Amino acid sequence: MSRVVVEFECFYDKRGGQIIKELCLMDMDYNVLMHEVYKMPPTQSYPKKYSQANSYVTQRLHKLQWTEGDKYWRIADIRRKLSGLLCQIKGIQKYVYFTRLLPMLNVMLLQTPSYHQLLFTRTMNCKYVHGNNCALKKCCAILNYLSIINNIR
Ligand SMILES: [Zn+2]
């Protein structure tokens, strides 16, 4: 089964759950299979506490704006793209979120050091150029780590 690295950045939806804003899928040779920045859902409006949480991620973490994006989120597109692949995800929270969202997929939790310890030297920028909290950059950093580990073994 071919392996892919899955990374995403989120906003909080109006019920306080997370919703994927940026998604990146890369194969083990650094080929980008999918990279999307999703538009704000048309019916979205927030209670104050979630709009504050979203201000935080906009200003401090991934720095994407809700209004930015190329298309609307469609789970069927992601399911279709990932079916038959082994999805590798870093971080227990993202793993749990993703396996609940798409329970029919093959998903594996990656054990890696924190992002602060991963190498961001060989990475690509996505077109939004929004710092290291970018799903595309994080995919590259994970692949950098996996390639080092695989060469050592
Ligand atoms: Zn990005």
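The values are calculated or read from the model by the stated rules, or taken from the named source; none is laboratory data. Being a predicted model, the structure only gives us computed values, none of them experimental. Neighbour counts run over all protein chains shown; Cβ positions are idealised from the backbone, glycine included.
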Would you confirm whether any residue within the stretch 72-82 is over 14 Å from V4 (Cα atoms) and crowded, with 16+ Cβ neighbours inside 10 Å?
-> yes
Answer yes if at least one residue in the stretch 41-48 is out of contact with any Asp or Glu (no Cβ under 9 Å at 6 or more places or on another chain) and either modelled with pLDDT of 95 or more or within 16 Å of E22 (Cα to Cα) (or both), and no otherwise.
-> no
Can you spot a residue in the stretch 50-65 that is of a type in the set (V, I, T) and either in a loop (DSSP other than H, G, I, E, B) or under 26 Å from M1 (Cβ atoms) (or both)?
-> no
Could you tell me whether the stretch 125-135 includes any residue that is out of contact with any Phe, Trp or Tyr (no Cβ under 8 Å at 6 or more places or on another chain), within 16 Å of the ligand (Cβ to nearest atom), touching a residue at least 24 places away in the same chain (Cβ under 8 Å) and among the hydrophobic types (A, V, I, L, M, F, W, C)?
-> yes
I89: passes all of (1) of a type in the set (A, V, I, L, M, F, W, C); (2) under 19 Å from Q18 (Cα atoms); (3) out of contact with any Leu (no Cβ under 8 Å at 6 or more places or on another chain); (4) surrounded by 20 or more Cβ atoms within 10 Å (Cβ to Cβ) but (3)
Could you pull out the residue among M26, M40 that is in contact (Cβ under 8 Å) with a residue 60 or more places away in the chain and surrounded by 15 or more Cβ atoms within 10 Å (Cβ to Cβ)?
-> M26
Name every residue in the stretch 1-23 that is among the basic types (K, R) and without any contact (Cβ under 8 Å) to a residue 40 or more places away in the chain, in order of residue number.
-> K14, R15
Would you mind stating whether G69 is at pLDDT 95 or above and of a type outside the set (F, W, Y)?
-> no
Scope the stretch 10-22; condition within 16 Å of the ligand (Cβ to nearest atom) and either at pLDDT 95 or above or out of contact with any Cys (no Cβ under 7 Å at 6 or more places or on another chain) (or both); matching residues | C10, F11, E22
Within the stretch 66-86, how many residues turn out to be touching a residue at least 40 places away in the same chain (Cβ under 8 Å), of a type in the set (D, E, K, R) and not in a helix (DSSP H, G or I)?
-> 1
